[in-house]
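Here the structure is laid out as structure tokens; the discussion comes afterwards.
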Amino acid sequence: MRDGRYGVGIVGTGAIAAVHVLAADSLEDTRLVACYNHNSAKGDAFAGKYGIVNHASLEDFMADADVDIVMVATPSASHLEACMSAIAHGKKALLVEKPLEATTEACDRIIRAAEEKGVVLSGIFQSRFFPSSVEVKKALDEGRFGRVVLVDAQFKWYRSQEYYDSTPWHGSMAIGGGGVLMNQGIHAIDLMSWFGGDVESISSFGGALGHERIDVEDTSVASLRFTSGALGVIEGTTATWPGFLKKVEICGSDGSVILEDESIKAWSFKDERPEDEEIRRRYATSSSAGGANDPMAISSSGHVACLKDVVDSLKEGRRPLIDGLEARKAVAIVEACYRSAASGGAPVRPR
């Protein structure tokens, strides 16, 4: 830590790393200092663009004393190595792109190691920090929905064949950890879990219906039963032109809300309050396209909020809002969807 600021280093310099740069540059308590990519040419280009150090190996990167906070932005099924190395080297904090890892077993290894070493661990699920999402969670906590009966998630996006062909891990189970559920829809699934609570059972079907040369699903549906008794449905695809903003719907006996990315499309309660009309007005529109047909058409505000929460956790000696256990929940749901689909849609319980 120099000049009262935490040094931030990024592992993985693909497209999303630029958003991490914006986050690190937006806070007065952080400064971007280093990066690492297993492809040295890509690492050099990234470092040159942002005026930081590119390390020749992951070991050199982790040994850099200027790196206090490690941001992991590698393909989904390759987070474990970087996380375990950061923890072993005693870094102060880890902020990991979604998903935390591609299996609950790998997530658990990271969580246990971070707990043992006292490393702050947080997952990037920026949708939880959107003010509209916070309003919904507040209404749920206040009991305004009455008995929640349905919690649904829809992410009907579009990705071209070139998207998969140009970056092979996007269509690889071994490297990407999955398809539309793991790498696109997991943000909506995380909100679904945050709003609906624990899931008791899942029945799912999926397949590659709109793309070639991929071994992951580009389309998936699932039915869920929450431990509360509420039911839910997941609908996801990257094969629908032109692509639509993700939706999360919460329907209860006393009220219902429809979130469409950062906007609120429906906000109705039996006990109408004076502030409800202002909420409807304030969140009538989204600030970005939400990645519906362009993975980079997203706002950096959520990543800024995630990093700020990690910094505040370090300064205040508390757990981050999306700690390892919270980040694990969406992975458990996706993993259960894959297990169910592999068994022909039989109900399974998330691990």
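Every number in this text was worked out from the coordinates using simple rules, so none of it is lab data. Just so it is clear, the structure is predicted and the values come from calculations on it, not from any experiment. Glycine also receives a Cβ, built like all others from the backbone with ideal geometry; neighbour counts cover every protein chain displayed.
Here are a few things to note about the model shown:
- Potential extension, THR227-THR285 segment - 0.36 nm per residue separation minus Cα distance: 17.6 nm
- Cα gyration tensor of segment 1-137 - equivalent ellipsoid semi-axes, whole Å, descending: 22, 19, 16
- Surrounding net charge for LYS270, when Lys and Arg each add one and Asp and Glu each subtract one, Cβ distance under 9 Å: -2
- Note on LYS315, LYS91: ascending count of other Cβ atoms within 10 Å places them as LYS315, LYS91, the fewest first.
- Virtual spin-label span in nm between GLU235 and GLU316, 7 Å along Cα→Cβ: 3.9
- Summarising the label geometry, the points placed 7 Å from Cα in the beta-carbon direction at ALA88 and ALA342 lie 2.7 nm from one another.
- Spacing of the two label points (7 Å from each Cα toward its C-beta) at ALA266 and ALA174, in nm: 4.5
- Neighbour counts of other Cβ atoms within 10 Å put THR227, THR167 in the fewest-to-most order THR227, THR167.
- Lysine pairs in segment 196-351 whose alpha-carbon atoms fall under 24 angstrom of each other, counting only those eight or more residues apart or on distinct chains, come to 6.
- Segment 1-64-segment 90-115 distance, computed between alpha-carbon centres (Å): 19
- Distance between segment 69-85 and segment 233-250 - C-alpha centres, whole angstrom: 28
- At R0 = 25 Å, FRET efficiency that the Cβ-Cβ distance of ALA63 and LYS308 yields, to 0.05: 0.40
- Cα radius of gyration and Dmax for the chain (Å): 19.9, 60
- FRET E, pair ALA18, SER201, Förster distance 35 Å, beta-carbon r, rounded to 0.05: 0.35
- Computed extension gain for SER160 through ALA45, at 0.36 nm per residue and net of the alpha carbon distance, reaches 38.8 nm.
- Gyration tensor verdict on segment 177-272 (Cα atoms; rounded if a/c is under 1.5, prolate if a/b is larger than b/c, oblate otherwise): oblate
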